[in-house]
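Below is one structure, written out as structure tokens; comments come after it.
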Amino acid sequence: MENDPELRYPKLIAYLAKEGILSLGTVNKGRLGKDLKIPSIKDLKKEKVQRGYSEQWVANCDNTDIVTVMWYDNKPVILSSSFVGQESIETARRYCKKQKKYIQVDCPQIIKTYNQHMGGVEFLDSFLGKYKIKIRTRKWYLRLFHHLLDVTLINCWLLYKRVGEQQHTPTPMKQKDFKFEVGKSLCMFGVSINKKRGRPSLSDEIESKRQKPNTSILPPRDVRLDRFDHFPVWGEKRQRCKYPGCKGKTFLSCEKYRVELCLNKYNNCFRSFHQ
Ligand SMILES: [Zn+2]
Ligand SMILES: [Zn+2]
């Protein structure tokens, strides 16, 4: 790596371009060196520039042209790329808090391209620090873990949107709601949060049965279906079969989680329970 931290980023873009990888990404202003006079939010407000205003700089690093564009949305957004720049400027629909309505603002090509590949404006916003896991810690590995969680969740959300688009089904959850939903699901593992319409499947019935008091002996779904060490054992007492809808009694139970299940001439609840 380059010793001068200010040169690391342009060098990386140039290196990737030489390897045939065109890149585009948001950049931290401080990472671009002092030669680039990028106006601060103060300057922009002082000059009363309109929302949508943009400026472009082109630099050459190791024979690669690197374009840097500053776009003034609500705050300045800075992106660098080895293949796309300011032109051609199109418009983007943005909500104006002051006017309380949607307005058209100028939007440079680099932003359009970024959003195309990053799944929409929300993604860019998220990179500006929205909905990031904010837990102050000095332990670097925890920061890394939180960052990976954030990235994973954003990718999951983008997939969710993409699947919705492909199947023409609505995807009402915004990134924030989606994250909340995932968190809730993980905390309440096994609880059916999205009540499916129509007749619940047997799997759902096992899941809901699991949640009733006094039946906490039923294993979580992932354990039930893991096909590992579910050996049948013979018990001392005849017990009610725990398979939903089965009224039978049985001596047999699954050793892994001690769940009574019948297996006889008529029923094979033992098998059904595990698949
Ligand atoms: Zn089992
Ligand atoms: Zn049974």
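Once you sort the root eigenvalues of the Cα gyration tensor of the stretch 216-273 as a ≥ b ≥ c, which label holds: rounded (a/c under 1.5), prolate (a/b larger than b/c) or oblate (the other case)?
Verdict is prolate for the stretch 216-273.
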Cα→Cβ-extended label distance, 7 Å offset, between residue 274 and residue 176, nm: 4.7
Phi angles of the stretch 94-105, converted by Karplus (6.51 cos²θ - 1.76 cosθ + 1.60, θ = phi - 60°) into ³J(HN,Hα) in whole Hz with x for Gly and Pro, give 10, 8, 9, 5, 5, 7, 6, 7, 7, 10, 9, 10
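Over 26 Å between C-alpha atoms is what I'm after, so list which of 42/100; 48/134; 11/37; 37/75; 11/134 land there. Walk me through the numbers before you get to the answer.
On the way: 42/100 24 Å; 48/134 33 Å; 11/37 19 Å; 37/75 16 Å; 11/134 31 Å.
The pairs that break the limit, which is 26 Å between Cα atoms, are 48/134; 11/134.
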Near the amide H of residue 259, under 5 Å away, which other amide H atoms are found, from residues 5 or more places off or on another chain, if H is placed in the peptide plane? 254
Treat each spin label as a single point 7 Å out from the Cα along the C-beta direction, and report the residue 225 to residue 155 distance in nm. 2.2
On full extension of the chain, what length is gained from residue 8 through residue 51, given 0.36 nm per residue of separation minus the C-alpha to C-alpha distance? 12.4 nm
If I model a spin label at residue 37 and residue 233 as a point 7 Å from the Cα along the Cα→Cβ vector, what separation in nanometres do I get? 8.0
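Using Cα pairs closer than 8 Å and at least 6 residues apart in sequence, work out the relative contact order for the stretch 22-112, in percent.
Details: 152 pairs, mean separation 25.1, N = 91.
With pairs under 8 Å counted, the relative contact order is 28 percent.
Which FRET efficiency value, to the nearest 0.05, is calculated for residue 22 and residue 96 with the Förster distance at 35 angstrom and r the Cβ-Cβ distance? Write down the numbers at each step before the final one.
Working: r = 34 Å, r/R0 = 0.96.
Approximately 0.55, to the nearest 0.05.
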Given backbone amide H placed at 1.01 Å from N, residues whose amide H is under 5 Å from that of residue 251, ignoring those fewer than 5 places away on the same chain, are 239
Could you put 269, 96, 246 in order, starting from the residue whose Cβ has the fewest other Cβ atoms within 10 Å? 96, 246, 269
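To make sure I understand, if each residue's beta carbon is the centre and we count other beta carbons within 10 Å, what order do 40, 82, 23 fall in, fewest to most? Don't skip to the answer; put the middle values down first.
Values: 40 10, 82 19, 23 16.
Result, fewest neighbours first: 40, 23, 82.
Every number here is computed from the coordinates shown, using simple stated rules; none is lab data. Owing to the predicted nature of the structure, the values given are computational and were not obtained by experimental measurement. Cβ atoms come from the backbone with ideal geometry, glycine included; neighbour counts cover every protein chain shown.
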